[in-house]
1. May I ask you to list the residues in the range 162-204 that are of a type outside the set (Gly, Ala, Ser), surrounded by 16 or more Cβ atoms within 10 Å (Cβ to Cβ) and modelled with pLDDT of 85 or more?
2. If you take just the strands (runs of 3 or more DSSP E) that sit entirely in the range 53-143, which of them hold at least 1 residues that are touching a residue at least 24 places away in the same chain (Cβ under 8 Å), surrounded by fewer than 23 Cβ atoms within 10 Å (Cβ to Cβ) and not assigned by TED's automatic domain parsing to the domain that holds Gly403?
3. Looking at this structure, is Arg43 surrounded by fewer than 24 Cβ atoms within 10 Å (Cβ to Cβ), part of a loop (DSSP other than H, G, I, E, B) and at pLDDT 95 or above?
4. Inside the range 285-324, can you point out the residues that are within 13 Å of Gly230 (Cβ to Cβ), assigned to a loop (DSSP other than H, G, I, E, B) and not small (Gly, Ala, Ser)?
5. Scanning the range 298-320 for residues that are touching a helix residue (DSSP H, G or I) at 6+ places or on another chain (Cβ under 9 Å), free of Cβ contacts under 8 Å to residues at least 40 places away in the same chain and surrounded by 16 or more Cβ atoms within 10 Å (Cβ to Cβ), which turns out nearest to Ala159 (Cα to Cα)?
6. Mind checking which residues of the range 529-581 are outside any helix (DSSP H, G or I), modelled with pLDDT of 90 or more and not hydrophobic (A, V, I, L, M, F, W, C)?
7. Which of (1) at negative phi; (2) of a type in the set (Ser, Thr, Tyr); (3) surrounded by 20 or more Cβ atoms within 10 Å (Cβ to Cβ) does Ser411 not meet, given it meets every other one?
8. Filter the range 241-258 for residues that are farther than 22 Å from Asp276 by Cα and either acidic (Asp, Glu) or surrounded by fewer than 24 Cβ atoms within 10 Å (Cβ to Cβ) (or both) and give the result.
Amino acid sequence: MNGQSVLAAALVRGLAEAGVAHACVSPGSRSTPLALALAEEARIRYWSHVDERAGGFFGLGIARATRRPVVLLCTSGTAAAEFYPAVIEARHARAPLVVLTADRPPELRDCGAGQSIDQIKLYGGSVKWFFEAAAPDANAPSVRFFRSLGARAAATAQAAPPGPVHLNLPFRDPLTPPPADLAQITAAAEGLDPRAHVSHANGALAPDDALIDELAAFVREEPEGIVVCGEPEGGADLADAAAAFARAAGYPVLADPLSGLRVGPRPRDLIIDAYDALLRVDRFAADHRPALVIRFGALPSSKGLRTFLEAPSGTRHILVDPWGDLRDPLHVATDVVHVDPALLCRALARALRGARTRASAWSRSWRDANARVRAALQRRLDMIEELFEGRVARDVASALPSGATLFVGSSMPIRDLDTFFPGTDRAVTILANRGANGIDGVISTALGVAAVSPAPTVLLVGDLSFLHDLGGCLAAKRYGIPLTIVLVNNDGGGIFHFLPQTAHARFEELFATPHGLDFSHAARLFGLEYRRARDANELAEAMAESIKRGSVHLVEVRTDPKRNVELHGEIQRAVEEALGA
């Protein structure tokens with residue numbers, strides 16, 4: 001019997017016992033023992049991907065949706081390098097991945113052997129833990145080690161802060177056991193290690209009474225404070241706890257669309273969802289400098305908010321950072337608190353009960369300005385008959401049924417959602433790859449989310465992001481994963497039209513990069529249903545049809561990048577008029 005296969009089965013057994021339920025497997029010879037072991041493990045569903053890059057992001061999507069470790073498996077050589085973009089995003093987005101790279105044995109390294117590259121610590125500091133485990137003889141101690149290695153890898157990926165781990169696993173020929181041995185391999189692994197598996201547990205970092213008293217005192221002393229909520233660390237459920245704290249403190253909450261605070265049936269009296277437009281009005285920003293800022297999660301993408309926070313004002317800025325990563329790119333934090341954000345918010349809400357018996361002039365000013373600006377944005381969007389990218393973002397998000405997930409592409413889609421989406425009482429989830437803010441792997445990540453989500457999933461994506469991950473559409477065809485893709489096609493890098501690069505003589509060829517492609521051909525290639533929406537009504541009809549039928553639809557919306565800039569400017573002027581600026 002092939003001893004390597006027995007050890008591979010032990011490793012996979014440890015992964016399954018630690019809670020791994022999904023694996024993304026790309027074809028290759030050197031990874032055969034692990035691929036067969038994953039296929040034989042009933043507790044793990046494997047998803048086969050021709051392209052490791054797409055497979056990596058697909059696994060990332062499953063990890064984001066389930067918040068559980070997902071295995072990525074590939075053969076040796078450059079296949080392992082194709083996982084790197086997904087590994088980077090997982091590291092920054094706090095998503096648990098267990099990356100298994102098969103490798104050549106030592107005697108075939110650095111000697112000209114094919115498919116042999118240096119895979120030792122291939123992902124550098126982008127992984128939480130790296131380990132290389134050679135496959136020795138399949139004796140009882142080795143089986144116990146490989147089983148515990150699988151459990152440890154999954155537990156380490158899941159432990160706070162969640163993230164990717166990397167196991168490099170060299171295998172020698174013969175790689176494929178005789179077919180008759182397949183049924184005996186798992187039994188052999190279990191027979192050599194009949195003991196119960198090792199269980200790993202992780203706890204939350206709770207705030208102590210002294211810290212709660214100190215922070216509560218800060219809030220009581222400063223009525224003019226704000227709460228800034230970005231995407232929660234590791235996808236944690238923070239919205240209800242943060243809302244309860246804000247109500248007790250009487251502070252307005254500047255809520256990023258990824259924070260979870262703009263969606264669901266909760267009171268929204270202090271939720272400021274138009275802060276991006278508000279803070280671009282200089283007079284409002286100058287008149288609303290807070291004395292205290294308390295920030296949770298990642299820093300929102302809004303340029304207006306970033307400028308507002310980094311402006312000199314003598315503000316006390318408390319950053320709640322549960323894992324000590326100091327996510328403060330503006331370098332404005334005056335206090336960093338290393339505790340679980342939800343536990344802290346609930347404790348502060350209890351400590352501050354009754355502290356603000358009525359809305360202060362400060363909070364009313366924020367709330368009233370937000371209401372005026374949101375109404376102005378809605379009116380102006382409704383007046384625009386052409387398909388404007390801001391309206392597309394609002395309409396797509398507003399059309400989501402309860403329970404649905406919206407996955408948003410980087411670059412302009414997430415920014416337009418931030419500015420133009422007013423929120424909804426429906427319980428929906430909004431996700432994006434904003435860890436490293438890249439535009440690659442967006443289709444595959446959304447498909448990974450859709451693959452494990454019982455409710456509909458919608459992807460809002462730009463044309464360059466779509467092109468970067470075009471091969472990811474193959475998973476939709478192979479597995480029949482329902483997904484509504486709303487493709488905003490502005491013929492190139494539309495975001496650059498908002499930047500100073502537009503003045504450069506070589507702007508078109510270096511930055512705008514128009515492609516002139518007809519995406520209906522891509523839909524036909526991958527068997528996607530295609531429809532081009534020419535106005536808001538057609539977009540709504542196409543989305544409703546796609547969600548109802550549960551198939552894979554590509555809904556293309558074509559926009560003009562120069563006109564898009566003009567309309568953004570017109571709308572911001574309407575905001576200024578609403579504020580009397």
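The values are calculated or read from the model by the stated rules, or taken from the named source; none is laboratory data. All values derive from a computational prediction rather than experimental measurement. So basically every Cβ, Gly included, is an ideal-geometry build from the backbone, and we count neighbours across all protein chains shown.
1. Scanning the range 162-204 gives Pro162, Pro164, Val165, His166, Leu167, Asn168, Leu169, Pro170, Phe171.
2. Details: elements: 70-74, 97-103, 129-132.
It comes to 129-132.
3. Against the criterion (surrounded by fewer than 24 Cβ atoms within 10 Å (Cβ to Cβ), part of a loop (DSSP other than H, G, I, E, B) and at pLDDT 95 or above), Arg43 qualifies.
4. Matches in the range 285-324: Leu299, Pro300, Asp321.
5. Top of the filtered list is Val320.
6. Listed by number, the residues that qualify are Glu529, Tyr530, Arg531, Arg532, Arg534, Asp535, His553, Glu556, Arg558, Thr559, Asp560.
7. (1)
8. Those that are farther than 22 Å from Asp276 by Cα and either acidic (Asp, Glu) or surrounded by fewer than 24 Cβ atoms within 10 Å (Cβ to Cβ) (or both): Ala241, Ala244, Ala248.
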